[in-house]
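Enquirer: Below is the structure I would like to discuss, written out as structure tokens.
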């Protein structure tokens, strides 16, 4: 029972090390990594089962009792997210075999990918604020390495923006943690949740809360601080983009959820209001940004930002119902973003470009694949009975309970607007006849090429993602795409269990007494009552 | 850098610094020191050598690819954490054995923290030296 | 001492923010080094300063002792900061070599406006 939590952290780390040391062959490294993430997925599912049956599981590192030692704890929210993370890890590992160049694998691609997963797992599992910072750094440093691995000019250009803004967020997070430690004298999140209400200087607590909001907001690409995301994501190989888009921002949202329900709970009406405004703005910005672009990867990158807005709404509304909706949306968002980026990668391979103007005719060539894309896109938009519909329905339902017509209007409006960029991808890349466009362009480019050539214009940048020629996607790429599609469909058709799970996760977030009891079994009951009154 | 004086001195220095780094690593549990500091000193020694002789000689001195060194260190540190799990203790619990212990004297104390520190030492040496090698080769 | 440290934090913070606002990547980097040290100083300061007392005391003897946790936190933060700063330095160097400028305003390769007629450089 104890071992499970540790295993979730150790398996990716050991996989990271072993896959690099044991062999020089790219194939074997990939195979080791896939085996590792497969094992991780199994452990994660067992953990989720245990947590769903028997409540939160916790573990003290080094045998030091809380609040002295570092706590690892998995409540329902963490367990759900860990399973989803493991699913994404497995799919990306499989997808990467066909997508990542041997040169990048020799540079340690699978090592950094697994360390990134370890960082994400750690951030989900830890019950200690400073430890959360450390796991954020593990995640960040691995993401930096993935960002520049095999880097060309464009990639470095995107990396500068990504690194700069994320480092600032790191410093803010560290400062906030330091100040909070100074106010309360503890770093254990459960202990903090009991001590923060006792701090005399509540104004300073509010300042610290805002610092946390900004720090995690940068990580989650919330409205005014989002620009690093669309500036960097499209420069990366698709496997890396998929894992970044699926996981990185959601860890920020998770951290926001955790801190604002556990450490700064109660009626911070100003902060809730801020969260709601930011949520609406982020949503609108994401969808309008997506409309203005014509590179599939950039369109999807803006959709990542848009979906962050929906989760913020759930957090900002602040009831168990809304929080459950946000958690459901998070699961849906992680899976659908990974899926869509992988599909975009296949489009790029099949069409030889990510530029909408140079794609076309994919429906004629590959009707089956087109249906896959359509399903994923419709799910993102929120067409019933796909998973996105339930996610948005839950948020609207929460909005109804809170009597927030503005929120409901913006959710529906943004969902409608989401149609436009995705249908543009559909009509341009899939329905529009292909040869005319591409061949005219290639004829302009190099007149000596025959008109019926399938080769698109030569590509100046050296990215391997922007394949200079049309190529068939590696056969391994289909497994994760089809697998994720099935999972998304299953969530769409049988949402009941996931809704129940996310509701119970939200309930334990809103009333953390079981969480506190798990971490601090001997906590004084008076404080416990005071805390429950606070709810 | 082609300086006879520097390269002669650096050979002396690298031995001294490596020895000192092991000393720091060893005393880390009762006195100031430990894997991180020891690793930094060792890496500094290797860097001094590298400044005098160039990155290729630095690689030769390390013998293994610095990245491999980092990952071996990571595995070592994790191994130290896993050992107590086998005895139903929490992850990373310190476990000690005392060689030649008598009633008054604890003897030679060896424990999992030492293994952990050796792992940290390797990570730091590999990481810092690898970074400098990569930079030197670049410039 | 505490007031002195607080003042130092304030001064360093303002200096580093000024540097972070610079268009020059190297200046930005120095600002980053400074601001991460400011964060460390804050942790160090808010942890409470106890002068001339050891962190570990002999068993059974009640004595003044210093809180060692802030130092552990600062050490961790320094190590992480060290890694991040050295990475950023190398990144700045690489970016300078590849793009040929340190002015962030001119680093627009990844966000070049796509002209549908000009397909020579897809980003």
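Enquirer: Which ones in the range A:283-337 are without any contact (Cβ under 8 Å) to a residue 60 or more places away in the chain and out of contact with any helix residue (DSSP H, G or I) (no Cβ under 7 Å at 6 or more places or on another chain)?
Expert: Across the range A:283-337, the qualifying residue is only A:292.
Enquirer: Let me ask you something else. Any residue that is without any contact (Cβ under 8 Å) to a residue 12 or more places away in the chain, within 13 Å of chain B (Cβ to nearest Cβ) and farther than 24 Å from residue B:81 by Cβ - is there at least one of those in the range A:2-22?
Expert: Scanning the range A:2-22 turns up no residue that is without any contact (Cβ under 8 Å) to a residue 12 or more places away in the chain, within 13 Å of chain B (Cβ to nearest Cβ) and farther than 24 Å from residue B:81 by Cβ.
Condition check ((1) in a helix (DSSP H, G or I); (2) over 23 Å from residue A:224 (Cα atoms); (3) at pLDDT 90 or above; (4) away from chain C (no Cβ under 14 Å)) across all residues:
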| position | (1), (2), (3), (4) |
| --- | --- |
| A:267 | no, yes, no, yes |
| A:280 | yes, no, yes, yes |
| A:288 | yes, no, yes, yes |
| A:325 | yes, yes, yes, yes |
| A:330 | yes, no, yes, yes |
| A:334 | yes, no, yes, yes |
| A:338 | yes, yes, yes, yes |
| A:360 | no, yes, no, no |
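Enquirer: Sort through B:94, B:119, B:130 and tell me the only one that's touching a strand residue (DSSP E or B) at 6+ places or on another chain (Cβ under 7 Å) and either outside any helix (DSSP H, G or I) or touching a residue at least 60 places away in the same chain (Cβ under 8 Å) (or both).
Expert: B:94
Enquirer: Test residue B:2 against the stated conditions and say whether it is within 14 Å of chain A (Cβ to nearest Cβ) and assigned to a loop (DSSP other than H, G, I, E, B).
Expert: The answer is no for residue B:2.
Enquirer: Looking only at the range A:485-524, which residues are closer than 16 Å to residue A:71 by Cβ and outside any helix (DSSP H, G or I)?
Expert: A:512, A:520, A:521, A:522, A:523
Enquirer: Counting only residues that are over 26 Å from residue A:499 (Cα atoms) and in a loop (DSSP other than H, G, I, E, B), how many does the range A:362-388 have?
Expert: Qualifying residue count for the region: 1.
Enquirer: Taking the range A:511-523 on its own, how many of its residues are buried (at least 18 other Cβ atoms within 10 Å of the Cβ) and either closer than 23 Å to residue A:380 by Cβ or out of contact with any strand residue (DSSP E or B) (no Cβ under 6 Å at 6 or more places or on another chain) (or both)?
Expert: Residues in the range A:511-523 being buried (at least 18 other Cβ atoms within 10 Å of the Cβ) and either closer than 23 Å to residue A:380 by Cβ or out of contact with any strand residue (DSSP E or B) (no Cβ under 6 Å at 6 or more places or on another chain) (or both): 5 in total.
The values are calculated or read from the model by the stated rules, or taken from the named source; none is laboratory data. Keep in mind the model is a prediction, meaning the values are calculated, not measured. Ideal geometry is used to build each Cβ from the backbone, glycine not excepted, and the neighbour counts take in all protein chains shown.
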